[in-house]
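The structure under discussion appears below in the form of structure tokens.
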Amino acid sequence: MGELVTGDAVVLGLRPAKLPSRALALAIDLIVVGTVFGLVAVGLAVAGGSLDDAAMAAVSVAAFLLVPVGGPIAVETLSHGRSLGKLACGLRVVRDDGGPIRFRHALVRGAMGVVEILMTLGVVASVASLVSARGRRLGDVFAGTLVVRERMPAGRAAAVPPAPPWLVGRFAELDLSAVPDELWLAVRQYLTRMHQLDVVVGRAMSERLGGEVAERTGVPAPADVPAAAYLAAVVHERQARDAYRVWQAAHAEVIRGAAGAGPGPADGGAQAFGAPGPGAPAHGPHAVGGFVCPAVGPGDIGAGRPPATGFVPPA
């Protein structure tokens with residue numbers, strides 16, 4: 001999928017990774033780390049031939065802490081949760097709330113990895129991952145992290161779900177001009193993939209995105225509306241406004257000509273072309289002066305049957 005990220009640099013549309021993909025990514029990482037450590041060991045053996053046994057032991061311990069332990073920690077910290085193996089397998093480490101990991105998360109995962117991966121040959125990590133419903137090993141549990149699938153198979157992306165019928169038109173007065181395009185894209189990406197997200201991660205993302213949209217509009221999000229439904233309704237409102245602007249631009253000359261000639265007895269002037277009449281709202285849930293907004297769809301609401309939104313009205 002495309003690499004669309006939130007303001008926290010987290011790719012949306014993620015699902016927890018399971019043991020097979022994690023094991024493959026770990027095998028790639030261990031091969032890379034083992035190769036680097038072997039080269040470093042050979043170099044130290046050649047360069048430290050004149051050192052006594054105590055000095056060589058200290059250098060060997062330092063090399064072990066630097067390469068097999070410190071190397072993965074540094075890579076995960078600098079890459080926000082991507083090692084070479086995870087990058088190859090389309091995986092990524094994120095926090096429980098979906099945010100990017102920091103040094104402390106990578107440090108805990110790396111320290112626990114020495115015990116559950118290196119010292120036990122991966123047995124403890126495999127058992128913990130199989131037992132966990134979200135595929136987490138002990139390092140993830142203690143660090144508060146989750147390994148997720150960053151890439152999804154092609155063709156599985158869904159369309160943005162329509163707004164819940166009970167919210168259509170409720171946000172018609174919101175000023176959406178201050179919401180940046182990057183945030184709109186993040187919201188759309190979340191809505192198209194929200195059913196593929198882990199429940200906890202999805203809820204945290206919807207609340208964070210809803211808070212950002214509400215902050216940009218200057219109007220708090222309704223407390224009685226779930227964050228995901230609020231986002232869907234606001235996106236619907238923006239789609240309705242965009243559709244009306246496109247329609248106005250496409251029919252601008254016709255409307256101006258009809259308005260200049262005055263309303264005729266047969267066609268009603270500009271009203272015949274769907275232009276909003278006096279007092280008509282600039283945008284609305286169903287139609288704009290006779291023009292049915294494509295964001296709503298006449299087959300969904302106009303026909304008297306609500307669309308399958310996937311949102312349940314609050315009790």
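The distance between label points at His251 and Ala88 comes to 5.8 nm (points 7 Å beyond Cα on the Cα→Cβ vector). Multiplying the residue separation of Ala55 and Arg102 by 0.36 nm and subtracting their alpha-carbon distance yields 13.5 nm. Residues in region 40-193 average 49 Å² of solvent-accessible surface per residue, probe 1.4 Å, ligands and nucleic acids excluded. Each label was represented as a point 7 Å from its Cα along the Cα-to-Cβ direction; for Ala62 and Asp175 these points are 6.1 nm apart. Simple spin-label estimate for Ala133 and Ala159 gives 3.3 nm between the two label positions (7 Å along the Cα-to-Cβ direction from each Cα). Rounded to the nearest 0.05, what FRET efficiency is calculated for Leu121 and Val32 with R0 set to 22 Å and r the Cβ-Cβ distance? Approximately 0.80, to the nearest 0.05. Placing a label point 7 Å from the Cα of Glu182 along the Cα-to-Cβ direction, no residue of region 74-96 has a backbone N closer than 15 Å. Fully extending the segment from Val200 to Trp166 would add 9.7 nm, taking 0.36 nm per residue of separation and subtracting the current Cα-Cα distance.
The values are calculated or read from the model by the stated rules, or taken from the named source; none is laboratory data. Just so it is clear, the model here is predicted, and its values are computed rather than measured. Quick reminder, even Gly has a Cβ in these numbers, built from the backbone with ideal geometry, and neighbours come from all protein chains shown. Accessible surface is based on the protein model in full, side chains and every heavy atom, while ligands, DNA and RNA are left aside. Shrake-Rupley method; radii C 1.70, N 1.55, O 1.52, S 1.80 Å.
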